[in-house]
Structure formats: C-alpha cells, structure tokens
Amino acid sequence: MKDEETVKKQKWYKRFFDVCQKYRLFTYIPILVLSVSSFSLRQKNEVLVDRVGRLETLNETLVSNMILYNRGFETFPMPIFQKLKRGNRFIAQYFNPAYVQLMGHNFSYNRYAYIGKTDYEYFSKRTADLYYSYDVSVAFTGIPMKIAVTIKDSSDTKLNVDVMKWRQIREKDTLIYGMIILEKPM
C-alpha cells in the first residue's frame, strides 16, 4: 500500500515538474515576483525621495532661523560660535562672520557646511576630545570657562588664543557659546 502511494506521489511530482519545465514556470514565476517587488520598491523610493526633499528644505529653514535668532552676533567683531548639546554630542549650530573669517578654512568658509556637525568631523581626534571635555565641563557645571588653546589659521600659522565658553539653557536645550579672544602669533 505504501508503494502505491509512493508511486502516485512520484507520478504527481513528475507531472508537476514536466508542466513546470514545459511552460518554464521556474523561470517566469521568479521573474514575476521580482518585477512586482521592484515596482513596489520603486514606489517606496519615490516616497522617500520626496520626504528627503522636504526634510532638506526644513533643515535649510531651521539653519536660516538659527542665523536670525543669533543676529545680534552677526556684526560682533569677535569670533563667536554656538553648540547644542544632544545626548553626549555637541552639535555646531551657529558661527558669526568673524569666526568664519578666522576658522573657515576648516570648512571651506561655508558656515552652513559645519552647522549640524561635531568637532570630530573637522578636527583631529585629540583636538576634538579636548574641545569635548571643555564643552562637557561648561555644560554640567554652568560655570563660564576661559581656556588657552593653540589654533591654526588659514595660512597654517599657530595662534595662541583664549576661548571663553559659557552655557545658556533655553527650554530643555543646553547651548554652549564660545568666543575666541586672539592674543599673538607664536
């Protein structure tokens, strides 16, 4: 009895595979499935491209609003910057024109290119770690700090500067402001 069932199953499998081979189902079914999934992915991609476009526009608006919010520093003669504390990161949020003139060589003199980034993306790890430790100290203690550091200007000249850092808490955001006070070249 088992032999008859086994023979029937074998015949059925043989017919199934013969039909599949005759009509090339093993070729056409995967192509059909891939075509449907490709069409679906294309539609999802179009939605994502549209969403990215809207987010880029929103980001440009937020960056320009940040410039407007800090417009009091736009004509200030000393280099000023602002960072926003997010988790364990300090994200660059504002640079006045004097800062761009002094330090802009690090980001092609385009302050919008640096906004939204951290020091780790533009400075060596050692330098970024140093800046991070000062930012953390000011953020948690709230005590303004004057730090002596050496920076390089666009002509690769080492400059001894003092950086005055202070904290401002606005709503739930911790902002770290900094002002570079130039001394004399080394």
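The values are calculated or read from the model by the stated rules, or taken from the named source; none is laboratory data. This structure is a prediction, so every number in the text was calculated from the model and none was measured. Note: ideal-geometry Cβ built from the backbone for every residue, glycine included; neighbour counts use all protein chains shown. Surface areas here come from the heavy atoms of the whole protein model, side chains and all, with no ligands, DNA or RNA. Shrake-Rupley method; radii C 1.70, N 1.55, O 1.52, S 1.80 Å.
Structure data summary
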{"read-out": "Residue within segment 56-64 that is within 22 Å of the chain's Cα centre (by Cα), of a type in the set (Gly, Ala, Ser), surrounded by 11 or more Cβ atoms within 10 Å (Cβ to Cβ) and part of a helix (DSSP H, G or I) present", "value": "yes"}
{"read-out": "Matching residues in segment 79-101 - criterion: being part of a loop (DSSP other than H, G, I, E, B) and either open to solvent by 20 Å² or more (accessible area, probe 1.4 Å) or among the charged types (D, E, K, R) (or both)", "value": "Gly87, Asn88"}
{"read-out": "Test result for Asn45, at pLDDT below 80 and not assigned by the TED database to the domain that holds Pro144", "value": "no"}
{"read-out": "Residue count, segment 88-144 (criterion: over 23 Å from Ser155 (Cα atoms) and in contact (Cβ under 8 Å) with a residue 60 or more places away in the chain)", "value": "2"}
